[in-house]
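Working notes, structure below.
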Amino acid sequence: MKRLAAFAALAVAAASLALMPSGASAAHAPSQPVPWGGQGTTEQCLITHADKSQGACVDFAATAMMTTDGRKVFGRGTASVVSWVVDADKIASIRIDRVTLATQHRTLAVSHSVDSRTHAQPLVADTSRVAWTKDCSVRYRVQINYSARMTDGTRRTGTFAGPWFDSAHPTCAGNSYGTPVFTGKCLVKNPNGTFGGCLDLSITAAISHDNSRLYARGSVALEEWVAGADAIKSIRVDRVELKTLPSGRTRRGGPVGDNRHPLTAEAQTATGQRWLHDAAGQVDCAASYQAELLYSARMTDGTLVRGSVATDPVKAPGC
């Protein structure tokens with residue numbers, strides 16, 4: 001849920017840059033990177049004490065970056081020790097082993113490794129720059145692989161992946177359109193009468209960068225810090241749907257990637273829906289569009305729980 005919110009905020013800032021023309025004015029634009037839609041952040045702690053408290057924590061950010069001419073994308077990874085958290089002095093050094101920019105089909109670019117050599121030095125590593133695809137069914141992701149050397153000589157490793165995001169091609173999905181729905185669903189009743197085993201659910205319509213068509217985008221994530229989370233074995237976005245009302249025309253999209261730890265899954269319709277037009281060739285303002293998320297969770301006892309959540313219907317711009 002938080003990751004999709006971050007997507008929307010960054011996409012607003014970058015949308016005008018994505019549509020810069022490819023003529024002479026774009027050719028002379030400075031090729032300085034700007035954040036695109038795929039930023040994710042996390043704090044991962046390397047030590048767990050007997051009382052379950054944690055220490056020796058590191059902040060990570062996996063960010064999609066785009067050149068200001070809108071032509072290329074690359075992945076950026078950052079890492080820094082959280083100096084004010086207990087046990088920070090037990091981290092001798094941190095290392096970004098690699099940053100990867102990939103689609104759901106293949107790896108596009110990989111960075112060189114970067115080593116802090118000292119405990120306090122923050123790290124930044126970039127992949128090489130690659131041209132955007134024009135295929136709007138392709139989605140991108142930035143992942144960091146890292147390691148840390150502790151003062152006792154041990155080595156800790158881990159990974160962190162940012163959210164999926166889309167090409168800057170004009171017809172591909174961009175900002176949220178209408179009112180996104182962020183909600184929760186708890187699947188477990190604890191012995192003390194409280195509820196746990198909770199999921200964060202998100203569904204939104206997303207308009208293309210050129211405003212010509214609409215997509216549906218949804219996600220489901222396990223709240224791992226809430227009691228009862230261990231009763232959920234796996235979660236899944238079964239599909240997202242964009243429905244055209246009242247005709248009932250539906251575009252569907254399946255999961256992107258997988259739901260490995262941490263348990264999270266995202267999906268988006270692979271093809272945008274053009275706005276419907278009436279007999280006179282004008283945008284049909286009688287038509288409405290609704291995005292829906294259908295999800296399921298497999299419990300550790302083998303049972304399967306299904307659910308759905310939908311946005312309110314929206315109309316085309318100007319209606």
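Here is how the numbers come out for the structure above:
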{"read-out": "Within the stretch 96-114, considering residues that are charged (D, E, K, R) and modelled with pLDDT of 95 or more, the one farthest from the chain's Cα centre (by Cα)", "value": "97"}
{"read-out": "Answer residue from the stretch 171-218, given it is of a type outside the set (Gly, Ala, Ser) and touching a His at 6+ places or on another chain (Cβ under 8 Å) and is surrounded by the fewest Cβ atoms within 10 Å (Cβ to Cβ) among those", "value": "171"}
{"read-out": "Any hit, the stretch 51-68, residues being touching a helix residue (DSSP H, G or I) at 6+ places or on another chain (Cβ under 7 Å), closer than 20 Å to residue 35 by Cα and surrounded by 19 or more Cβ atoms within 10 Å (Cβ to Cβ)", "value": "yes"}
{"read-out": "Enumeration of residues in the stretch 292-306 that are of a type in the set (A, V, I, L, M) and free of Cβ contacts under 8 Å to residues at least 60 places away in the same chain", "value": "294, 304"}
{"read-out": "So residue 93, is it in contact (Cβ under 8 Å) with a residue 12 or more places away in the chain and over 30 Å from residue 173 (Cα atoms)", "value": "yes"}
{"read-out": "Residues being among the hydroxyl-bearing types (Ser, Thr, Tyr) and in a loop (DSSP other than H, G, I, E, B) - total across the stretch 76-106", "value": "1"}
{"read-out": "Residue match in the stretch 260-277 (condition: at pLDDT 95 or above, crowded, with 20+ Cβ neighbours inside 10 Å and either closer than 30 Å to residue 143 by Cα or acidic (Asp, Glu) (or both))", "value": "no"}
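The values are calculated or read from the model by the stated rules, or taken from the named source; none is laboratory data. Bear in mind that the values here come from a model prediction, so they are computed numbers and not experimental data. Positions of Cβ are generated from backbone atoms using ideal geometry, with glycine treated the same way; all protein chains shown enter the neighbour counts.
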